[in-house]
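Q: Sharing a structure here in structure tokens format.
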Amino acid sequence: MSSEKYQAVIMARRTRRLSEQGKELIKQAKDRKKQEWQGERDNTVLIKESFDEEWRRRAQEFHPSRIYITEATFKRFRWYRKAIEEDTFIALCQAIDVNPDEVTDYTDPDIICIGDLPEAPKPFCGRISGLKTLQQWVAGKRLIILNGRAGIGKTALAYQLMKQIASQFEFLIWISLDSEPLLNDVLNQLICSLSKGKERQGSLTDLMGYFNQYRCLVVIDNWETIVADAASRRYRSAYEDYGDWLKRMYSKHKSCFILIGREQPPDMASIKVKAKDVLQEYQLEGLRYEADKEILKAEGLIGTEAELKQFIEIYNNSIARIDS
């Protein structure tokens with residue numbers, strides 16, 4: 001099976017965020033550039049909106065992919081100081097002659113993402129006890145298996161956990177297997193990112209060397225997509241090497257892996273014996289009614305007590321049938 005079809009899907013993305021000091025440096029550079037660009041445009045006055053548009057257009061010329069930088073991305077960078085993809089961050093800085101390293105907030109660990117990073121749940125309800133349990137486990141375990149039926153909130157819980165404990169790690173790595181990437185492609189992208197481009201490819205042993213060199217939190221979502229079926233307890237053809245990687249996850253290293261899936265990975269009985277001191281399992285159960293009701297209200301759904309209860313029961317039963 002060719003890996004080329006997955007290349008665009010599994011590109012690992014590093015991110016950067018503007019520091020508080022960097023925000024002021026950017027403002028100073030913007031004022032200088034405004035004068036310079038006004039001269040280039042026959043002294044036409046550049047109002048705020050048109051300057052920002054010009055800034056984004058010029059940054060596009062510095063971007064290695066020449067992609068269009070959206071207004072939403074620009075706002076995340078400039079006004080909200082949220083993390084954006086590193087290439088875009090650097091291009092926006094270069095367009096106004098700013099050294100990106102001087103305006104980057106290095107207090108946050110690097111985030112490496114393969115696949116889609118989930119959005120934070122709004123609100124985060126009913127999982128506080130589970131969150132505290134997982135936080136305790138991460139401190140001393142190398143491998144955590146997080147199981148539960150579809151739609152129950154596994155991904156949301158893991159993402160909230162990652163946010164809470166980010167400062168404990170040098171790298172945060174989120175991998176979604178939803179697009180079914182081959183392991184070799186994932187390994188190469190991770191090695192390239194963790195080596196900061198010095199290495200473009202390598203072996204599983206090479207990758208685990210980085211996980212021993214750095215303290216990383218590695219979350220792997222949708223593990224069930226690479227499993228043949230629940231009955232056979234085997235990996236799909238071309239994905240058997242993920243089982244080899246799983247065995248390395250509980251070997252000696254400095255990092256912590258969290259595997260998210262609907263069921264336990266294949267060969268779990270053997271894994272429990274070999275990794276009993278460094279492994280923990282967490283089976284996610286449904287939320288209580290009050291937490292479900294808070295989520296519905298946050299989403300703008302209103303109704304009588306009886307209507308809300310009926311809706312929750314129908315929704316939960318529908319998920320159970322789809323997942324069965």
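Q: Could you please give the count of residues in region 32-54 that are hydrophobic (A, V, I, L, M, F, W, C) and modelled with pLDDT under 80?
A: 3
Q: When the residues of region 236-289 are narrowed to those that are more than 22 Å from the chain's Cα centre (by Cα) and of a type in the set (D, E), which ends up least open to solvent (accessible area, probe 1.4 Å)?
A: So, considering only residues that are more than 22 Å from the chain's Cα centre (by Cα) and of a type in the set (D, E), the one least open to solvent (accessible area, probe 1.4 Å) is D241.
Q: When you scan region 112-127, do you find a residue that is at pLDDT 80 or above and open to solvent by 30 Å² or more (accessible area, probe 1.4 Å), even just one?
A: For region 112-127, residues at pLDDT 80 or above and open to solvent by 30 Å² or more (accessible area, probe 1.4 Å): absent.
Q: Something else now. Does region 159-172 contain any residue that is buried (at least 19 other Cβ atoms within 10 Å of the Cβ), in contact (Cβ under 8 Å) with a residue 40 or more places away in the chain, under 19 Å from the mean Cα position of the chain (by Cα) and more than 22 Å from Y250 (Cα to Cα)?
A: So far as region 159-172 goes, yes, one or more of its residues are buried (at least 19 other Cβ atoms within 10 Å of the Cβ), in contact (Cβ under 8 Å) with a residue 40 or more places away in the chain, under 19 Å from the mean Cα position of the chain (by Cα) and more than 22 Å from Y250 (Cα to Cα).
Q: Kindly establish whether E180 is out of contact with any Pro (no Cβ under 9 Å at 6 or more places or on another chain) and not basic (K, R).
A: When the stated conditions are applied, E180 passes them.
Q: I'd like to check something: does region 56-63 contain any residue that is exposed (fewer than 11 other Cβ atoms within 10 Å of the Cβ) and either at pLDDT below 75 or under 30 Å from L183 (Cβ atoms) (or both)?
A: no
Q: Here is a check on your reading of the model: is V227 under 23 Å from D110 (Cα atoms) and β-branched (V, I, T)?
A: Spelling it out, it is not the case that V227 is under 23 Å from D110 (Cα atoms) and β-branched (V, I, T).
Q: On to the next question. Restricting attention to region 232-278, report how many residues are closer than 16 Å to P181 by Cβ and either touching a Ser or Thr at 6+ places or on another chain (Cβ under 7 Å) or part of a loop (DSSP other than H, G, I, E, B) (or both).
A: So the answer is 6.
Q: Of the residues A158, A139, only one is part of a helix (DSSP H, G or I), modelled with pLDDT of 90 or more and over 18 Å from L284 (Cβ atoms); which? Can you show your working first?
A: On the way: A158 fails: over 18 Å from L284 (Cβ atoms).
Exactly one of A158, A139 is part of a helix (DSSP H, G or I), modelled with pLDDT of 90 or more and over 18 Å from L284 (Cβ atoms), namely A139.
Here is a yes/no grid of residues against (1) free of Cβ contacts under 8 Å to residues at least 40 places away in the same chain; (2) closer than 25 Å to G151 by Cα:
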residue	(1), (2)
N184	no, no
D206	yes, no
F211	no, no
D221	no, yes
S255	no, no
D267	yes, yes
V273	yes, no
Y282	no, yes
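The values are calculated or read from the model by the stated rules, or taken from the named source; none is laboratory data. Since the model is a prediction, treat every value here as computed from it, not as a measurement. Virtual Cβ from ideal backbone geometry, glycine too; neighbours counted across all protein chains shown. Protein only, heavy atoms only, side chains kept; ligands, DNA and RNA dropped before computing areas. Shrake-Rupley method; radii C 1.70, N 1.55, O 1.52, S 1.80 Å.
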